[in-house]
Amino acid sequence: VGRWCPGKRVGPGIAQSPAVSTSWCPVGTAFDVKQQQQQPLRGGAAGRDTGLFGVPELSCPEGFQEAQDKALQESEQLVQKACSTPPGPETVMIFDQLSDSLCRVADLADFVKVAHPDFAFREAAEEACRNIGTVVEKLNTDVELCQSLRRLLADETVLSSLDPETRRVAELFMFDFEISGIHLDEEKRKKAVDLNVRILDLCNEFLIGTHIPNKIDKHVLPEHIRYNFTAEGNYLRIAGLHADCPDDLVREAAYKIFLHSNTQQLARLEELLASRNSLAQLVGYDTFAHRALQGTMAKNPETVRQFLEKLSEQLSKRTQKDFEMMTKMKMKLNPHNSMLMPWDHPYYSGVLRAERYNIDPGLYCPFFSLGACMEGLNSLFSQLLGISLYAEQTKRGEIWSEDVRKLAVVHETEGLLGYIYCDFFQRPDKPHQDCHFTVRGGRLKENGEYQLPVVVLMLSLPNSARGAPTLLSPGMMENLFHEMGHAMHSMLGRTRYQHVTGTRCATDFAEVPSILMEYFANDYRVVNQFARHYKTGQPLPKNMVSRLCESKKVCAAADMQLQVFYAVLDQIYHGKHPLNKSTTEILKETQEKVYGLPYVPNTAWQLRFSHLVGYGAKYYSYLMSRAVASMVWKQCFAQNPFDRAMGERYRREMLAHGGGKEPMLMVQG
């Protein structure tokens, strides 16, 4: 019931479509040609809107209350049913239904609260998230409900009759009870619920704080750089690091102002870390990291520490060489100030790549129109997995912005597998981050039908000029492939139970399919299939593809060392408490020891570290998943990235199980 994380599943209302639909069109066309003007997103005289994602209640913000009330009513009935059902496979099915009924609303709301352009929708979704989150935490400490599952797990005869997936799901539900403190007395259980609810609130507040721009009196900055920032009266608004700006002074100003310490955000982070530690210790763990890493590939903080130390040791000399190259480049371009600073790393590594391999993004963008990239993904999935992507017309009220596209994912013999909503373009109040939300998980329903998975891919692509297609930089193209890796995991992790569907697996395994897709995006044989100049149709020359792929190796050690630093910092924050130092002092110490570039006084990068919310004690997952994805690529796809037999094996051994099998067994397979 409790293993839900931001944006997982959604409610009823998305009906099964036939295997072939007249409303489908080729995927590339949908992204390179402006969609026909759609009907209004809300209201109108032609009857009631269908509601977001086809959920009837969500045609207006008030519908969240209605959907929430329905879910809570259904969950009450399922709790009673679970408590009165004799131990057997049906017990697990009822638990999964219970989880699904709550997640239908909570996970849809988790997406809407960050992405909907209408504040009323965002506010209503936020309230629904909080209310259902509170109910989930109470259910995770419900003794009678837990007893019904315990009876099942204690009955050897019944247990031995369960298939491996059902048994694993039952054990995962029991694990949720245990990490929530089911074994504690009533008073301590109530304290655990209160702590969990407070943590949910703090996470939300901290997450909002990570994106809020900083303002500064415009007279503080030299006049010749002010135009780089948004003016608001006598103030300038700094909303990011301007990492790609060639002017050293602009990057320095952005870094120092955007990352300037904020007392309120600092207090939120410190309370969040302390609350997580209190909860972990209350339910019997040494630290929050010990609690968070149960059930992952790493299993415990000690393994993570060893992994990061070993990786750092292997990178050390190469990272030093990378920093030396960047310093020389900075001296060449700016002789008056040659000391390498944190705001220099992303810029000068890019300059080195561009200079060594003549990689000017402007030369590549015309070959990477969004439509061409989508056709490239379509072609790759078709050859590897027998899957095609089709654009489908949406109904009024189904989407939250007129530039959202809906894709049907169709297998050549199995038919419709699910839907991907593509929210790809920038708009005001939309977070500038690329992410995947599982809005509804797949599961086998009681009537024998399969509940189709529904996901959203959210990117921050620039809006194209009128009449021209959206052109992607090589980095944007790679991000698109990464997020589509998550989407395919969601589509193909077709488990019987939604509790373990798709990406609903160990965090350090969940990034493997997405990072593996980056290897495909950097292979000239794959890129060569779709990279075409949007005006002339000319293919991207092979030497340009090769240069682009080779350029990725420039400063790769320093880039990875930065990720090691973030992962180590995350482990320390979620390790032994009290921390004995402020989070900023720990940042300074860790940055200078692990990363190597100096800490900048009065900055607090950790207050912008949004991954501390969804990836608390698990940021190392990106690196461990990369290690696994690298092995999969080298052993399975490097020889032939279009090998259908290997694609089927990859689906069968890794993607198909979601979280229904031990991650290490999937990797082994």
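At-a-glance table
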{"quantity": "log10 of Debye I(q)/I(0), alpha-carbon scatterers only, for segment 83-161 at 0.17, 0.26, 0.27 Å⁻¹", "calculated": "-0.72, -1.13, -1.18"}
{"quantity": "Calculated diffusion of segment 249-347, Stokes-Einstein form, Kirkwood radius summed over Cα pairs, 20 °C and 1.002 mPa s, µm²/s", "calculated": "123"}
{"quantity": "Taking the chain and dividing mean pair separation by its residue count, relative contact order in percent (alpha carbons under 8 Å, at least six apart)", "calculated": "18"}
{"quantity": "Computed accessible area, H533, all protein chains, 1.4 angstrom probe, square angstrom", "calculated": "40"}
{"quantity": "Solvent-accessible surface ranking, highest first, for Y390, Y235, Y622 at 1.4 angstrom", "calculated": "Y235, Y390, Y622"}
{"quantity": "Reach of K634 by Cα under 18 Å, taken over lysines that are not fewer than 8 positions away in the same chain", "calculated": "K552, K553"}
{"quantity": "Relative packing of 239-247, 437-445, 351-359, 124-132, which averages over residues the other C-beta atoms within 10 Å, highest first", "calculated": "437-445, 124-132, 351-359, 239-247"}
{"quantity": "Integer Hz, Karplus 6.51/-1.76/1.60 couplings in order for segment 454-467, x for Gly and Pro", "calculated": "9, 10, 10, 9, 10, 10, 10, 7, x, 6, 7, 5, 4, x"}
{"quantity": "Table column - 3J(HN,Hα) (Hz), segment 339-344, Karplus curve with 6.51, -1.76, 1.60, x for Gly and Pro", "calculated": "6, 6, 10, x, 6, 8"}
{"quantity": "Cross-link table K310/K542; K330/K593; K310/K581, entries beyond 30 Å C-alpha to C-alpha", "calculated": "K310/K542"}
{"quantity": "The chain - Rg over Rh from alpha carbon coordinates, Kirkwood radius", "calculated": "0.95"}
{"quantity": "Environment charge at I586 (Cβ cut-off 13 Å; Lys +1, Arg +1, Asp -1, Glu -1)", "calculated": "-1"}
{"quantity": "For segment 241-246, 3J(HN,Hα) per residue [Karplus equation, 6.51 cos²θ - 1.76 cosθ + 1.60, θ = phi - 60°, Hz, x = Gly/Pro]", "calculated": "8, 6, 4, 8, 6, x"}
{"quantity": "Solvent-accessible area of W343 with every protein chain in place, 1.4 Å probe, in Å² to the nearest 10", "calculated": "20"}
{"quantity": "Gain upon complete extension [I208, N234; 0.36 nm per residue less C-alpha separation]", "calculated": "6.9 nm"}
{"quantity": "Alpha carbon centroid spacing (whole Å) that separates segment 602-629 from segment 323-369", "calculated": "25"}
{"quantity": "Calculated on alpha-carbon atoms, Rg and Dmax of segment 387-470 in Å", "calculated": "14.9, 49"}
{"quantity": "Translational diffusion of segment 52-183, µm² s⁻¹ [Kirkwood Rh, Cα pairs; Stokes-Einstein; 25 °C; 0.890 mPa s]", "calculated": "155"}
{"quantity": "Within the chain, helix-based [θ] at 222 nm, where runs of 4 or more DSSP H residues each add -39,500 (n - 2.57), nearest 500", "calculated": "-16500 deg cm²/dmol"}
{"quantity": "Cβ-placed point charges (K, R +1; D, E -1), dipole of segment 449-539 about Cα centre in debye, nearest 20", "calculated": "360"}
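The values are calculated or read from the model by the stated rules, or taken from the named source; none is laboratory data. The model shown is predicted, which means the values in this text are computed figures rather than measured ones. Note that we place each Cβ from the backbone using ideal geometry, even for glycine, and neighbour counts take in every protein chain shown. Ligands, DNA and RNA are stripped out before the accessible areas are found, and what is left, the full protein with its side chains, is counted by its heavy atoms. Shrake-Rupley method; radii C 1.70, N 1.55, O 1.52, S 1.80 Å.
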